[in-house]
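The values are calculated or read from the model by the stated rules, or taken from the named source; none is laboratory data. Just so we're clear, the structure is a prediction, and the values are computed from it rather than from any experiment. As a convention, Cβ positions derive from the backbone with ideal geometry for all residues, glycine included, and neighbour counts pool all protein chains shown. The accessibility values were calculated without ligands, DNA or RNA, using every heavy atom of the protein model including side chains. Shrake-Rupley method; radii C 1.70, N 1.55, O 1.52, S 1.80 Å.
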Amino acid sequence: MRIRPYQSGDWAAMWDFIAPVLHAGDTYAVPSRISEPDAYRMWVELPRAVRVAEDSAGNLLGTYYLKPNQPGPGDHVCNCGYLVAEHARGQGIANKLCEDSLRVARELGFTAMQFNMVVSTNEIAIRQWQKHGFEIVGTLPCAFRHPTQGLIDAYVMYRLL
């Protein structure tokens with residue numbers, strides 16, 4: 001497996017495993033009727049970095065993005081999204097994506113990370129970021145309704161030590 005920068009020809013395969021998650025609605029707190037152009041903008045156009053994981057045959061296994069939480073000069077808080085294709089679950093892809101995102105985040109000058117606590121892959125990401133030198137600095141409560149948990153504190157903030 002290797003992780004490389006996103007290329008324009010990757011979108012069709014990425015959309016195959018992004019669409020079901022986005023259309024689930026509450027998972028990413030986006031409208032359940034999100035369109036493909038809107039998803040492309042959210043996942044590819046706005047982020048500062050997008051990476052994909054692929055196997056030796058070039059099949060996409062997962063992806064992540066890193067983007068400023070509040071775009072603007074000097075922003076150091078990173079927002080992220082991680083997704084692993086259904087057929088690639090259980091292969092350690094999420095760990096590899098998270099480790100790679102740490103490296104890229106440091107290269108881009110981010111010093112803090114905001115995680116959506118409802119996304120299961122981000123539980124792996126949080127462990128990785130803690131392991132590699134980030135510490136928790138607090139949660140950011142918001143009105144986020146999870147299908148089974150109701151309203152929750154949806155975000156946790158980490159700072160680079």
* Can R33 be described as of a type in the set (K, R), modelled with pLDDT under 95 and either over 17 Å from the mean Cα position of the chain (by Cα) or assigned to a loop (DSSP other than H, G, I, E, B) (or both)? -> yes
* To do: Determine which single condition P20 fails, assuming it passes every other condition in (1) over 11 Å from L83 (Cβ atoms); (2) at pLDDT below 85; (3) open to solvent by 20 Å² or more (accessible area, probe 1.4 Å).
  => (1)
* Tabulated pairs, the stretch 39-64, first without any contact (Cβ under 8 Å) to a residue 40 or more places away in the chain and among the aromatic types (F, W, Y), second open to solvent by less than 30 Å² (accessible area, probe 1.4 Å) and assigned to a helix (DSSP H, G or I), C-beta under 8 angstrom, 6+ apart or interchain -> Y40/W11; W43/M14; W43/I18; Y64/L97; Y64/C98; Y64/D100; Y64/S101
* Mind checking which pairs have a first residue in the stretch 75-87 that is hydrophobic (A, V, I, L, M, F, W, C) and a second that is part of a loop (DSSP other than H, G, I, E, B) and open to solvent by less than 30 Å² (accessible area, probe 1.4 Å), Cβ under 9 Å, 6 or more apart or different chains? -> V77/F110; C78/F110; C80/P47; L83/V119
* Is there a residue in the stretch 63-83 that is at pLDDT 70 or above, within 19 Å of W11 (Cα to Cα) and among the aliphatic types (A, V, I, L, M)? -> yes
* Structure fact -> Those residues of the stretch 97-125 which are modelled with pLDDT of 70 or more and open to solvent by 20 Å² or more (accessible area, probe 1.4 Å) amount to E99, D100, R103, R106, E107, L108, G109, T111
